[in-house]
Every structure is written in C-alpha cells, then in structure tokens.
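**Student:** Let me give you the structure first, and then I'll get to my questions.
The values are calculated or read from the model by the stated rules, or taken from the named source; none is laboratory data. Predicted model, so just to flag it, every value in this text is computed and none were measured. As a convention, Cβ positions derive from the backbone with ideal geometry for all residues, glycine included, and neighbour counts pool all protein chains shown.
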Amino acid sequence: MPPVETVVQQAPDTDGPVISVRGLRKRYRDLEAVRGLDFDIRRGEIFGLIGPDGAGKTTIFHILGGVMEPTAGQVAVVGRKPADARSEIGYLTQQFSLNLDLSVDENLSYTAGLRRVPEPMVSERRRRYLKLMGLDAFGSRLAGQLSGGMKQKLALCCALMSRPQVLLLDEPTTGVDPVSRREFWDVLAGIAHEGMTIAVATPYLDEAERCDRVALVHEGAIRQIGTPVELRERLGLHRLEVRTSDLGRLEQALAPGGSVESAEIADVQPFGDRLDVLVADSERGERYLQSIAASAGIGALRIDRDEPTLENVFVLNLRKEGLGTTAYKPFAFSGPALGPSRKTSAIAASKLSKQFGEFQAVKGVSLQIGYGEIYGLLGANGAGKTTTIKMICGLLQPSSGEMMLAGETQRMRSPALRQRIGYMSQKFTLYDDLTILQNLEFYCGVYQVPMGLRKERINWVLSTCQLVGREGMITGLLPGGWKQRLSFGASVMHEPEILFLDEPTSGVDPIARRQLWNMIRDFARHGTAILVTTHFLEEAENCHRLGLMAAGELVAQGSPSEIKKAQPGQLIVLVTSDTQRSSDLLKTKLESWRVAIFADKLHVVLDEPERQLPALVSLLSENGIQVRSQMAGSFSLEDAFIGLVQRRGGVQS
Amino acid sequence: MNRVAVQCIKELRQFVRDRLSVALAFGLPALSMLLYGFATRLEIKNIPLVVQNLDNSALSRSFIERLYTNEQFVPVRCPGGDLVKTVLNRGIAEAVVIIPPEFARKLRAGLPSPVEALIDGTDVNNARVIKNSIIATTNSFLDIEGLSPFRPLIHPQVRLWFNPGRKESLFVVPGAFGIVLLIYPALLCALAMARETEQGTILQIYASSLTASEFILGKVAAYVIVGIAETLLVLLIGFVVFHLSVAGDALLFTLGTLLYLIDACLYGLMIAVGAKTQNAAVQAVAFGGFTPALLLSGYLYPVRNIRYPFNLVADFVPARYYIELSRDTFVRGAGWAGQWFVPVFLTLVGLLLFRIARKRLGRMQISA
Amino acid sequence: MLKLWLKAFVSSRLWALSQKELRQILRDRQLLFLLMFPPTIQLFIFGFALNPEVTHLRLAVLDLSNSPTSRELVSALVENHVFDLWRVGTTYRQVTEAVCDGKVEAGLIIPPEFNREIKQGRQARVQVLLDGVDANKAGIAGGYVSQIFTAFSRRLETGASSPIELDASFLYNPGLISAWFFVPGVMGLVLNLTGSLVSSSALVREKDSGTLEQLLMTPAASWEILMAKIVPLFIVLNITVLLALSMGALIFQVPFRGNFLFYMAISALYIFVAISIGLMLATIARNQRQVVMTSFFFNLPIIQLSGAVAPVASMPLFFQYLSLLNPLRYYVACIRAVLLRGVGLEVLWPNVLALFAFAAVLLLASAHQFRRQLG
C-alpha cells in the first residue's frame, strides 16, 4: 500500500533539493542518450531544460517521472526513488497526455481517481483549476475537440489534481499559440509561487527566460546551467538590433562567406525588418557595422543596443559544439528562377468561407500571394488557419468563395496542378514505419522527380538535416523537430512553384529553425510562392506579408512593419525586480491582454501613457516592487498579435 | 475511490463515446447468433439427386418415389448421356442413382438386382449421408413391398433424449454462446489495451503509480460489464428466437459465464499488451481466440474426431468446456453433478492469464 | 524496348506508391507473420480437427438377457467403430444416468426376454437411448443403429443377402477424406479475412495518421493511390495461395485435377474482391476500432453463408437466396470444383462471371466512395 496522502504532503524535506540527480546515465541498445548528469532542483523553482532535438530531454523526464529505469546514477525525487515518488509527481508527457475521447470533466475525474484524490477535494480543485485555466465553460466538451492550447491547459489541470510536489512538463507548449502560451506560463508562475517545483523542457526560448534556472543540454550532458541572467552574462556579448531600408544587402555583406569576415561579429540573425548582430563590444560593433554599411553603399543604420537573449546563448553555445556550423548547402534548382517578375498571383482567394454544421470556421477570407512572396498566416489555435490552407490547396471544398491556384480556378485536384505544389501538413507527413531514405525515395517517386536528379535531391535533404549516414534509420525513431526538417525536405524536392507550410517549425530547435528559414527564403528568392503558418512570431518577421486570423476572419493584413504600425496605443517596456508579480498586479488594474511578459521584461499597452503610467508605477512600488526601467518601446509582432487577437474577444470563442 | 473502479469507469466512458463501436459491440453478437442459429445446418436436406431409371416399371417408379418422400432428396431431371460428365462434373446433382434394366422382373423372381449409386464425394459429410439414406430407403422399400427375404428380428425403439424433435438449433445456439461470448469481449478488451499503447496514454498510467494488477482488473472489469450486457442480449435472442429454456442449473451457468467472460477479457488484454498496433492485436486475438473456439471446441463436430496433436490442444481450450456447460444448461440439464469441473477449470485459466498479463506489463515502466 | 518500358515503369508514380506499400508491409514483421502463419495453421487445424464423421460414439449397455445373441448384438454395434463400448451397466439407472450426465452418447438396453424371443422367431425389442443434443449426430447414429440391426437380423436368419444391394461409389474423393473438403473452403475463408482486414486497416491507418492528406496533395490520382494499396497485398496473398495449395497437397494429399493457371486466375480475381471489400470498409470506418468491428460485421455472414464449412443447400431458403450475394460462395465452389472435380471454365463460367461482376462493382464503388470522401 502506498502511504496515506496526508503523510505524504507533510514530507519534511523543505530544505534539501526536491529533485536531486547524480551521475545519471541512460543507455538504449546502441545509443547513450544521457551521459552523466548532475543537478538539483529546489522547492518552488521553475527549472528549464533546453537543448537541440535529440539531446536526451525526454529521456531525462521519463526517468524523473519514474516510468523508466536509469542505467546508472542516483535520482531522488522528494527524497525517494522516482518510481516510489510517483504519487508526488505530476507528469505532462510530450503528446497525448489526455484521453481525447473523454470530456474535460471525465479526464479530470479519471486522473483524480488514479491518484486517489478524495472526492470533496476533487470538485473543489476541479472548480479552481478549470477557472484558473479559463476552461470552466468547457467541462462537458470532449478533450479531442479542444484547441491545442486548451488541451495543454487541461493536461496541466489533470497533473495538478493530486497537488503533486513536483511537476514535470515535457514541451508543454509545442504547437500552442503565443497567447495561450503566455497564459499557460502565467499559471505556471502562479503555482510555482505556491511552492510547486517545476521542471520544464521547451523549444521556445522566450519561455525559458521565465525559468528560475536553465540547463542547456546537448548530447545527453549539461553544457550550461544557471539563471537566465547568468547564462547571458557568461556569453559576454551584446546584441545590436540593426534596422535599415536595405536589409537584404546588409545581410549579404555580413553573411559568413560574404564580403566581410570579422572577429567583431559573433552572430547575425535576420528578422524580417531588422538584423540582430551579436558583438563583443557595443561601441566597437556599432562603429564597425556603420562602416560596413557605408562601404556597401547602404545608408546609415539605426542601431538599438540590448542584452543577448537566451536564444543567442543557445545558438552560440551549440555552435561551439559544431552544431549548425556545417555550411548550409543551397538547393540546386534545375529550372530557371521564376522570379517575382510574374504578373499573376500564385494564390488568390476571395471571400472564402467554410461552415462545419453550425460552426463557421472561416468567414470571408480574401488574400493574394505573388510568386517569390512569403506570406505568413498567423492566428491562435482554432482561428481557422489550417481550414483556410486546406481550402486554398483544394483539400477541402469551401462553402462559398472563389479561388485561384497557379492560374487554375477549376481543376484544383488535377495531377498537373499538384505537381507544381508542395505541401507540408501540420501532422507529421512522413511514414513512421519506413526508413528515412525510403520516405524520400517515395516522395521523389510520387512527385516524379526526374530519375537523374533523385539521388542528388535526396542527398541534399539528408545533408540539410545532418542525417547523412543515418538514412537507413526508421523515421519513427527521429525526434519531432528532426521529422519536421525532413518533411520540409520531402515536400520541396520537386521544386514546387507554390509551397504550403503548416507550422513547419513546431517543435524544432532554434538552430534548425534558422536553417529551415534560410531554405524557405532561398525558395522564395527563386520565385516560389510560400504560404506559411507559425506560432513563433519572431519567425513571422521573416515573412514579406502577414495575415492575421481571429475567429475565422482575417483581421489584419500587411507587412510586419505595417501591422505593427497599425497598433493603437503605446507600448511601455518595464523592467522590474519581480516580473511575475508585477504582471499579476498590473492585470488587476488593466485588461489582461495589455500586460504581457517578454523574457525578463513586461510589455504594457497603454492608450494614454502620460496619465496612466505614474499610477501603475506607484502601484508596483507600493507593493515593494522596484521598477528598474520604464521606456516607450515599439510594438513587436507578438505584441501586435496579442493585441489584435485579444481585442477580438480572446482566443477561444 | 478505488482505483480499479476509476479505471473501469474511464474504460466504460470511452467505450460508450464511440457510437458506431457500441452499436457493433451489440450488433455483432446478435448477428452472429442469428447467423449461427439459422444458417448453420449440419443436417443435410434438399440434396439434388438424379435417378436414371433403365427399368421403367411400376416397381422401379415406386422405388424412386420412396427416395423422394422425405425432404432428404430433391429430384433433378435426368439429362442423359454420360451422367458423370453431364451431372456430377457440372454439380447439377450430388448423386446419381441408376436403376438397372429388368429391375422389377428380377426382384419379383427373387433374384438380386443391384442398384448403382454415383455419389459426389467432394462434400464428405454429404456423401456419407447420401449413401446411408439410400440404403435406409432401400431397406424400407423392401419391407413395404414385401420383397425382403427375412423379417427384421430386432426392433430398436430409438429414443432421442433431451431433444426429441431433433431441433438443430438446440445444439448450435448454446454452442454459439461459447464463441460469441469469447470473441467479442476479448476483441474489445484487446482493442482498448492496444489503443492505450498506440496512442501513448499508457505513459500517463505508468506515471500515476497505478499497479499492474489494478490496471488489469479495471480494464477487465469494464469489458466484463460490456460482456454481461452482451450475454443478456444473446440469451434473450436464444430464448425468444430459438426457444431455448433452462434445463440445468441457472446458478451454475451464471457463475460459469461470468468466469468465462473474465477469461475472455483477460485473454484479450494479455495478447494486446505485447502488440504494437491495434491491427496486430486484432489479428492475434482472432487467430488465437477465434480459431480454437470455432474449431477445437466441439462446436460443430465432436472433439473426439480431432486428430493428434490438435486433440491435446483441444483439452485446454476454455471454449470447449464452456460450450459443454452451455449445452448442459439449455438442453441436457445434468447440472453440478456433470459440470462441476467447468468453473474450476475456468478459474484456473483466469488465474493463469492474469499472471501472464501482469508479468507482461512488467513494472509499469517503459521498457528499453 | 523492354528496358525502356521497364525504366518508365520504375520511374512512374504508381511504382513509387506500390513500392512504399510493399515496404510498409514488409517492414511490419508482426503483420507479415500474421499474413503467413495463421493461414497455414488454420489449414492444419481445419484439416485435422474438423471431421464430421459420426464414429466412436460412447455406448453404455445394460444387457439383462446376458446371452450369446445379446452379446453378439453388442459386438455388431461396436465392430465398425461407430460405437465404442464405454461400460456395461448393471442397472437401468446406471445407463440412463450416464446418458443424462453426458458421459455417453448412447445407451442400449436389452431386455431379459431378448434371447427367448429371438429363439422363438418373434421380434425382439431393444431400447436405444440417444443423446439428442447434437441433433445431426443423433440422426445419423439412429440411421446406423437400424442398418446394423437389419444386417444383424439378416445374419441370424440365413445369411441371405439383400435383393437390392447398393453399389455405391464415391467420386472425386473415394476415401471420403474430410480435409479434401475443408482445405479449399479454408483457402477462401483466409483470403477473404486477411485480404479485407489488412487492406482496410492500411487505409484507415493512413487516414488516422494524417499521411493520407499529404498523399492527396501529391499529383497521385486517387486511382493510383488505391491501386498501390491493392497491388502489394495482392502479391502477398497470391503467395499465400501457393503456400496453402502446397500445404494441402503435401500434408493432406489434396489432389489437383484441374488447370493450375485457371486456379491461380480465379484466386487472383477473388483476392481483388477481398481487397475491395476491405477498401469499402475503410471508407465507412473512422478509426481502427471501427474498421475491425465493421470488418467482422461483414466477414461473419460472408464466411457463414459461403458453403466453406457447411453446405449452402441445407440452409433455410432465405439464407440460400442471401448467399447469392456472397462472392465467397462462388469462389469456394470454383476452387473445390477445380481441385477435386478437375473441371474448368466450360463448367464454371457462371461463377467466374459472378466473381468478375463482384470485383468490378466493389472496386468501382470503393474507388468512387474513396474519391467522394476526400473530394
């Protein structure tokens, strides 16, 4: 018999670490997934695990959760072996934590029952947590019919039902939209504050900024561990946000192998309307950049100084290990560049609508995408993006509206037309039970890639995915991010003129993500029209134009800068001594969408900053929070997104 | 709340959610019962028979009339020619009876006059029955026509016990219970288990410190409940459509049925624990459960006809014992005295299956 | 020329699609095992286990006459192995109880005056109790009893033979080996089951995992996708047919009297039918559980009403008519005729025609349904 619940809750080890790991190793048949880990997690701490795909994060969680035996080493959770401490652990696995054919309430009572939560507490906690997650109206809805964000919140509710001391969250927000993601983390911060210990893995490094401590894992070992601030400082670099009217030429000038090579610059990352440049010294770096701009004939640069992000930490640290350094091999196009010269639109939709029974999934969406253009379709989970894409590419018959695809308006399903289209759907598009090579051969075959080119194309995909030599591996064994890269490769081998990418980077690590976007841009330059959806709004900056969907409607369209400019109100960036508590406090005075946490900063949207701000600042200081800096900022795409979506009446409607 | 109950309730909820599956879970046993009950006829009737009468006398015509009096044979016109080619090869009739010339004259004269029968041996059972009934007809023909040189000295008073009307449904329907109540609960339970592995929700169960025993019992309990509902339906069909009535001990049957359902679900679960996909689980259950229940249980033909080494297997097929119990309950009626070992055997099988399932689930961890 | 043609084929979409299906089937060891192993074992079990012969019925005897004649009567019953003497009882109750408890299938009670009456040339009565639970067996056993008694009377009388001696010969299966009957039936049954189950679940799996959507976005036409699903399974099942055939020949000495090519051709035709049934099912079902259940729902009557196990002619009339809609019925009839009777198209053309009709209708319907569901 496991011990009675009350005894467990009083387990008196408040001083020592809640989770302690010493010399942890795990070996699968021919692969050592975890190679000697040592770390402690303290009570009430949010501990982040970040690392590239296949770093061994999931294995660590399996072991901490007591569902897998380590090969060697000691692991203690609340002072016991993980398997014996399972009643004290809430575990959100990467996928499928829920029974999708049960309702929200049924899922909750099932987990509560499994974990022996006494009946009166079940209803009390259910009320409380569902309210906390904003799910209280959906008690009888089937879990399978919830949006991605709601599913994860429900899974978290389930994990919380037994009031465990420890929460293990394995990529809980993959595929979840930015608004829901932020709400999810607000909840996490709240429960950590109450003393819950949380270990979380995430590919979103802006989320990792909200952890108390972060461990960077690579090849089964910890490479860096510390608070986000420590990690950033350890990098010893500064970040410059560079804006200019001619970003493309500046980027080319700075690109590795381009005209300039310098020890001054550690990293360059393009973001739609700006370049992030990491430099050792801000002063020298700035001067250096200006000089390059001048010599390249680009006008004066607008440069803002800032601290590096965790993403910078991630990328630079792993680059030292050799990840992402292999020169990116461009795709060898066989045909001539289509170029944006073509007059006609590649994709044109006018007043597309889709009705599913009573539910209007898409309402009057009109958009046009030209050749060579990257068009980003953004929106919360359930906003109708996927439905729209499916209608545009002919998988779904629209209820009303007209469409044109590559000049065709009628025979949307003809093989000749399909031949010119590439499609990567949200779910994994590869056959899990075939090898990597067999999958690629298959897609070469169905898309009729000329025999002579097949080998070359397959090698290209393998090399961009760093899978050369492992092509005989079963695809199902690959980590999710890797599968995504491979799927991308599979969908472009036939040089499509039009490319549909539905969340191509979901679950992909930052380094691979950059590379994926490099490839996407390559195709666009060659003249491919690209329609992409994403939950990483930083990436969305890479798009030439964006469309933002909410509740089935296209609520804003334009270039990233246009969309940002169109935002009403003023963005105030606050840096305080306690970001989370500040956010909670400010939300009591303002509508919750006006306050958002960005890493260690708070973004507050105010309509009349001059009048409102002093009151808010004094509210914070009254509560013992020190406001370190306050300044007007420009809207990021994410701010714009949150504002637009939330003003439309929230994510789920 | 008891965790076994929690697991059980969750299974039932998931089961009820999928309307089509629920419909089929009850539609299938009902369909099976009707099909088995109505369409499985071992007794052969309406055999197409060609008679070539080379005698054309009143006596020979009366002989032919005799052949067709009961429903065993139906007449088919004789096409002439080489009868093997024109009749048997084409499958127009299954037997040809040739009455020789001078049949009547020879018989009247007390001389033997053999009749020739060509019987299609493709269907072995049919062939044997055809031969026997022609012989029986011949004997009675001789008796009635007074041509028999001897009187039957022994008159057997044959009494058919338990089933004086020789209703085949009394044999087939209780036997079908044994098949229906094994295969469908086992299938549902196996699918539920394999789905848990396939979809990865098993990981949540591993993480919840639920023990293997609790997990098994919860799942099995749910599908035993479904099985009980199926049993009630199947019994209802038995009583209403096939006019079964309880001849034996209802309590013993209830106990035996419950144990049998538990065994079936445990079997499905045990098989599915090792299966990677639902598809494989189904194939394995169908092959490991359905085939023996249908073929090695004495459902159609006597167990004693099974040849070595399969007769050894048959001794361990639970369906065999359950079918015996079922036939005893609804037809023979010996009760405990004749069937006491059935619940004992089924309990032993259940314990064995439970142990294997628990072992295969291991320590409720990912095995790697 | 051939080389060019081959090259065009290898680079075609259909080849890519079929190759993928074949690889998936070959990759799935469990499935492959299940495709090859159960048919073989089922063939074995059917051949060895299903034997409708009525022999070795257990007999309990109460011989109150206890005379040489009565003992001769008992040995007459036992000598052909129709009955096995289980025990000789001493009281009436013992015998009736043995029948009641199901310990024996038959009871014989010979009255005390039996011998006297025979000696006096009067008709002697004996009582035969038969367990009627298995009505068919009881009926046949009853027939045997009267045959044996008639023969016994004749022997007692003068040894005169019957004036009408039946000269019966069994064609096609003179030894009446039951395996010869069941083996072709099982082949049909197995083809139907595996063909429909595997094809339906392969398609549903693709629906489930979202790869179908990806497939539809490729230039592959829906007929190519369906064809590709059919072809590899078609090949595998043809191998199964050969395997079953050689098993039947080697182990049960099932004769092969007809034309081999004709046999393979109708088998191939039937494999198409079975796979089409599966594809049809896949368009009905939404998930794995549903597809399994629906395939049981359809396969059960298909097998029951096919004549593979029990002859169609003895079914109630309604079911006989229903079985006309059953493709398996035509196939089983065909292969039995080819194997045992050695006939060919000249006799079986109506069956072959029916199978063609089924294949065409099912294939077209499932292709249409498939396209409609996706369009």
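**Student:** Every residue in region B:65-120 that is over 39 Å from the mean Cα position of the chain (by Cα) and over 21 Å from C:S162 (Cβ atoms), please.
**Tutor:** Those that are over 39 Å from the mean Cα position of the chain (by Cα) and over 21 Å from C:S162 (Cβ atoms): B:G80, B:G81, B:D82.
**Student:** Kindly establish whether C:S196 is assigned to a helix (DSSP H, G or I), among the hydroxyl-bearing types (S, T, Y) and touching a residue at least 24 places away in the same chain (Cβ under 8 Å).
**Tutor:** In short, yes.
**Student:** If C:P38 satisfies every condition in (1) within 38 Å of the chain's Cα centre (by Cα); (2) within 14 Å of chain A (Cβ to nearest Cβ) but one, which is the exception?
**Tutor:** Going through (1) within 38 Å of the chain's Cα centre (by Cα); (2) within 14 Å of chain A (Cβ to nearest Cβ) one by one, C:P38 breaks only (2).
**Student:** Given the options B:L35, B:L142, B:L88, B:L111, name the one that is within 10 Å of another protein chain (Cβ to nearest Cβ), crowded, with 22+ Cβ neighbours inside 10 Å and in contact with a helix residue (DSSP H, G or I) (Cβ under 9 Å, 6 or more places away or on another chain).
**Tutor:** B:L88
**Student:** Can you give me the number of residues within region A:405-419 that are farther than 20 Å from C:W15 by Cα and either in a loop (DSSP other than H, G, I, E, B) or at the interface with chain C (Cβ under 7 Å from one of its Cβ atoms) (or both)?
**Tutor:** Residues flagged as farther than 20 Å from C:W15 by Cα and either in a loop (DSSP other than H, G, I, E, B) or at the interface with chain C (Cβ under 7 Å from one of its Cβ atoms) (or both) within region A:405-419 amount to 7.
**Student:** Under the condition of being within 7 Å of another protein chain (Cβ to nearest Cβ) and assigned to a helix (DSSP H, G or I), which residue from region B:285-321 is nearest to B:F341 (Cα to Cα)?
**Tutor:** My answer is B:R304.
**Student:** Being within 14 Å of chain A (Cβ to nearest Cβ) and either in contact with a strand residue (DSSP E or B) (Cβ under 8 Å, 6 or more places away or on another chain) or more than 12 Å from B:I225 (Cβ to Cβ) (or both): is that true of B:V6 here?
**Tutor:** It is true that B:V6 is within 14 Å of chain A (Cβ to nearest Cβ) and either in contact with a strand residue (DSSP E or B) (Cβ under 8 Å, 6 or more places away or on another chain) or more than 12 Å from B:I225 (Cβ to Cβ) (or both).
**Student:** Restricting region C:215-235 to residues that are surrounded by 20 or more Cβ atoms within 10 Å (Cβ to Cβ) and of a type in the set (V, I, T), which is nearest to the other protein chains (Cβ to nearest Cβ)?
**Tutor:** Filtering first and then ranking leaves C:T218.
**Student:** Which residue is farthest from C:D208 (Cα to Cα), if the candidates are limited to region B:268-283 and must be in a helix (DSSP H, G or I) and at the interface with chain C (Cβ under 7 Å from one of its Cβ atoms)?
**Tutor:** Among those that are in a helix (DSSP H, G or I) and at the interface with chain C (Cβ under 7 Å from one of its Cβ atoms), it is B:Q283.
**Student:** What's the number of the condition A:V75 fails, among (1) under 24 Å from B:V16 (Cα atoms); (2) within 31 Å of the chain's Cα centre (by Cα); (3) crowded, with 19+ Cβ neighbours inside 10 Å?
**Tutor:** Exception for A:V75: condition (1).
**Student:** Could you check region A:51-67 and list, in sequence order, the residues that are of a type in the set (A, V, I, L, M) and at pLDDT 90 or above?
**Tutor:** A:I60, A:I63, A:L64
**Student:** Ok, one more. Out of the residues in region B:193-211 that are under 15 Å from B:V4 (Cβ atoms) and surrounded by fewer than 24 Cβ atoms within 10 Å (Cβ to Cβ), which is farthest from the other protein chains (Cβ to nearest Cβ)?
**Tutor:** Among residues in region B:193-211 that are under 15 Å from B:V4 (Cβ atoms) and surrounded by fewer than 24 Cβ atoms within 10 Å (Cβ to Cβ), the one farthest from the other protein chains (Cβ to nearest Cβ) is B:T211.
**Student:** Let me ask something else. Criterion first (within 8 Å of chain B (Cβ to nearest Cβ) and either in contact (Cβ under 8 Å) with a residue 12 or more places away in the chain or in contact with a Gly (Cβ under 6 Å, 6 or more places away or on another chain) (or both)) does A:N99 satisfy it?
**Tutor:** In short, yes.
**Student:** Quick check on my filter: what residues within region C:329-350 are out of contact with any Lys or Arg (no Cβ under 7 Å at 6 or more places or on another chain), crowded, with 20+ Cβ neighbours inside 10 Å and part of a helix (DSSP H, G or I)?
**Tutor:** Hits for region C:329-350 are C:R329, C:Y330, C:Y331, C:V332, C:A333, C:C334, C:I335, C:R336, C:A337, C:V338, C:L348.
**Student:** Please verify whether region C:71-82 includes one or more residues that are over 30 Å from C:V309 (Cα atoms) and within 14 Å of chain A (Cβ to nearest Cβ).
**Tutor:** No.
**Student:** Quick check on region A:389-401. Is at least one of its residues at the interface with another protein chain (Cβ under 8 Å from one of its Cβ atoms) and buried (at least 24 other Cβ atoms within 10 Å of the Cβ)?
**Tutor:** Yes, region A:389-401 contains a residue that is at the interface with another protein chain (Cβ under 8 Å from one of its Cβ atoms) and buried (at least 24 other Cβ atoms within 10 Å of the Cβ).
**Student:** Here is a further query. Residue check, A:E106 against (1) among the acidic types (D, E); (2) crowded, with 17+ Cβ neighbours inside 10 Å; (3) under 26 Å from A:E207 (Cα atoms), all met but one. Which one?
**Tutor:** (3)
**Student:** Next question, about the same structure. For region A:568-588, which positions are in contact with a helix residue (DSSP H, G or I) (Cβ under 6 Å, 6 or more places away or on another chain) and at pLDDT below 85?
**Tutor:** Listed by number, the list holds a single entry, A:Q580.
**Student:** So which residues in region A:454-508 are out of contact with any Phe, Trp or Tyr (no Cβ under 7 Å at 6 or more places or on another chain), surrounded by fewer than 22 Cβ atoms within 10 Å (Cβ to Cβ) and part of a helix (DSSP H, G or I), if there are any at all?
**Tutor:** Within region A:454-508, A:R454, A:K455, A:E456, A:N459, A:L462, A:S463, A:G476, A:L477, A:G480 meet the criteria.
**Student:** Out of (1) at the interface with another protein chain (Cβ under 10 Å from one of its Cβ atoms); (2) in contact with a Lys or Arg (Cβ under 8 Å, 6 or more places away or on another chain); (3) within 30 Å of A:E321 (Cβ to Cβ), what's the single condition that is false for A:A112?
**Tutor:** Just one mismatch for A:A112, condition (3).
**Student:** Now, a different point. What number of residues within region B:96-108 are surrounded by fewer than 22 Cβ atoms within 10 Å (Cβ to Cβ) and under 24 Å from C:A313 (Cβ atoms)?
**Tutor:** The number of residues fulfilling the criteria is 1.
**Student:** Restricting region B:322-342 to residues that are aliphatic (A, V, I, L, M) and more than 9 Å from chain C (Cβ to nearest Cβ), which is surrounded by the most Cβ atoms within 10 Å (Cβ to Cβ)?
**Tutor:** So the residue we want is B:L325.
**Student:** Right, here's the next one. Have a look at C:F234, C:F262, C:F272, C:F256 and point out the one that is among the hydrophobic types (A, V, I, L, M, F, W, C) and outside any helix (DSSP H, G or I).
**Tutor:** That would be C:F256, the only listed residue that is among the hydrophobic types (A, V, I, L, M, F, W, C) and outside any helix (DSSP H, G or I).
**Student:** Restricting to region C:22-33, name every residue that is at the interface with another protein chain (Cβ under 10 Å from one of its Cβ atoms) and in contact (Cβ under 8 Å) with a residue 24 or more places away in the chain.
**Tutor:** Correct list: C:Q24, C:I25, C:L31.
**Student:** Considering only strands (runs of 3 or more DSSP E) fully contained in region A:293-378, which possess at least 3 residues that are within 27 Å of the chain's Cα centre (by Cα) and at pLDDT 85 or above?
**Tutor:** Where strands (runs of 3 or more DSSP E) fall fully within region A:293-378 and carry at least 3 residues being within 27 Å of the chain's Cα centre (by Cα) and at pLDDT 85 or above, they are A:359-370.
**Student:** Name the single residue that is nearest to the other protein chains (Cβ to nearest Cβ) among those in region B:343-368 being without any contact (Cβ under 8 Å) to a residue 12 or more places away in the chain and among the charged types (D, E, K, R).
**Tutor:** B:K359
**Student:** Sticking with this one: Which one is nearest to B:G91 (Cα to Cα), of the residues in region C:308-344 that are more than 10 Å from chain B (Cβ to nearest Cβ) and free of Cβ contacts under 8 Å to residues at least 12 places away in the same chain?
**Tutor:** In this case the residue turns out to be C:L324.
**Student:** Assess whether A:G48 counts as being surrounded by 15 or more Cβ atoms within 10 Å (Cβ to Cβ), assigned to a loop (DSSP other than H, G, I, E, B), at pLDDT 75 or above and of a type outside the set (D, E, K, R).
**Tutor:** No: the conditions fail for A:G48.
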